[in-house]
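The values are calculated or read from the model by the stated rules, or taken from the named source; none is laboratory data. Every value quoted in this text rests on a predicted model; they were computed, and no experiment measured them. Here the Cβ positions follow ideal geometry from the backbone for every residue, glycine too, while neighbour counts run over all protein chains shown.
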Amino acid sequence: MSNIVIVGAQWGDEGKGKIVDLLSGDIQYVVRFQGGNNAGHTIIVDGKKYVLHLVPSGILHDGKVCLIGNGVVLDPVIFAHELDVLAGQGVDVSPSRLKVSAKTHLIMPYHKALDMAREKAAAEKKIGTTGRGIGPCYEDKAARIGIRAADLADLSLLKAKIATALREKNVLLASCYGVDPLGVEEVFAEIAPLASRLLPYLTDVSSELEAARKAGKKALFEGAQGTHLDVDHGTYPFVTSSNTVAGNTAAGTGFAGSGKDRIIGILKAYTTRVGEGPFPTELHDAVGETLRRNGGEFGATTGRPRRCGWQDIVLLRESVRLNGLTEIALTKLDVLSGLSEIKICVAYEYRGQRTDYPPQEENGLGAVTPVYENMPGWSEPLEQYTSFAQLPEAARAYVRRLEELAGVPITLVSVGPDREQTISR
Ligand code: IMP
């Protein structure tokens, strides 16, 4: 085994940051390969809280190099701000520790304006995006009018590209959405001063990783969002605009890998989702409210309350297959303490039939009825336990049942927010 890939097995917010942080011990490179500042990790190290949106969490460990791959979309304003905040907290964010692919596309002010204007206009049909301009930035990349980090080295090219992009964007903003158009000079004046800030960080991530591999160094690829938000394999159209599955580590960094990676799916002990879209096991009752309260289920990026529900094995099996998971890290098991009964969705009823697979039609997943298996709950808090054997029998049975249904081992169980509150099996 050489490298580690970490992906969310649900709809994001599984607690990936903590596991990345925990497993990066003997890793030299921590790499992001997709998404942008729609992600958000809150990491607590020695009681100190760090909130990261773009910078890989490896930055909190001395001696690690963090890479932002070409598959990421980077908001230069947010990037500069995050550097300032981290530096203010005493974290070394120098270009020797943090590097950005020169091919990374930049989120521009008009991407954010368009994202927000569309969501506002869509009213009840909205996706529930984070409003960070993620989708419009990936659209421009595919439309071949995107601005890449390397373009910051040529300010006249940058200005010309802004003008090209605004020609279409302003029509959309003004005519379709009734929003004030943006001026070329105004956008240029916001972005150009950030060039000197960003340019020292630019590199060829693909070559960096290849050199690291040859030198026998290890990389950890840190996925953002979750499998069911993948633009191809997720609950389309209620998805993000990038491929979140493990296979995108290659395209999103230019590193083909060794083929012998540990691919770890991060799975919350229950399920949450932010934004719109189908969620078969969602709870609209007091149990859902309890999970939200006890789990602190409010978005790290937007502060929105997360929708909460039971574990869904139909979707988990999809995650195992789509990512080629070799193991699962189970998070937030402690949040289930105090529930008398815990349900696991093991199949769906769809159009009068029992099915083990999610329907592929756009509105199919919203029309299924979960088939549940009931398990006894446990009352005691779990935060103080340090080994699997110490956990209450009902908690152990729940973990074993999930593992059995998923078909891959659960190798880590998290029972609290701190790095120490993690049981290795
Ligand atoms: P976008 O990525 O901002 O375009 O949002 C698309 C969908 O993905 C929305 O439902 C968001 O709530 C969801 N989403 C994006 N990033 C995250 C994340 O980091 N965690 C959970 N959901 C996310």
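Just a few scattered comments:
- Listed by position, the strands (runs of 3 or more DSSP E) enclosed by region 340-382 that each have at least 3 residues that are crowded, with 19+ Cβ neighbours inside 10 Å are 341-350.
- If you go through region 273-311 and pick out every residue that is farther than 19 Å from ALA224 by Cβ, among the hydrophobic types (A, V, I, L, M, F, W, C) and within 12 Å of the ligand (Cβ to nearest atom), you end up with 1.
- Residue check for GLY265: within 16 Å of the ligand (Cβ to nearest atom), under 15 Å from the mean Cα position of the chain (by Cα) and modelled with pLDDT of 95 or more: yes
- Residue satisfying all of: in region 202-233; over 12 Å from the mean Cα position of the chain (by Cα) and crowded, with 23+ Cβ neighbours inside 10 Å; farthest from the ligand (Cβ to nearest atom) among these: LEU209
- Residue count for region 175-197 under the criterion of being without any contact (Cβ under 8 Å) to a residue 60 or more places away in the chain, more than 24 Å from ILE68 (Cα to Cα) and surrounded by 14 or more Cβ atoms within 10 Å (Cβ to Cβ): the result is 2.
- LEU412 being closer than 26 Å to GLY277 by Cβ and touching a Ser or Thr at 6+ places or on another chain (Cβ under 7 Å): no
- Taking region 48-101 as the range and being in contact (Cβ under 8 Å) with a residue 40 or more places away in the chain and of a type in the set (Gly, Ala, Ser) as the test, the residues that pass are SER57, GLY58, GLY69, GLY71, ALA80, SER101.
Condition check ((1) within 16 Å of the ligand (Cβ to nearest atom); (2) among the aliphatic types (A, V, I, L, M); (3) in a strand (DSSP E or B)) across all residues:
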{"site": "VAL20", "(1), (2), (3)": "yes, yes, no"}
{"site": "ASN38", "(1), (2), (3)": "yes, no, no"}
{"site": "ILE43", "(1), (2), (3)": "yes, yes, yes"}
{"site": "LEU54", "(1), (2), (3)": "yes, yes, no"}
{"site": "LEU67", "(1), (2), (3)": "no, yes, yes"}
{"site": "VAL73", "(1), (2), (3)": "yes, yes, yes"}
{"site": "LEU86", "(1), (2), (3)": "no, yes, no"}
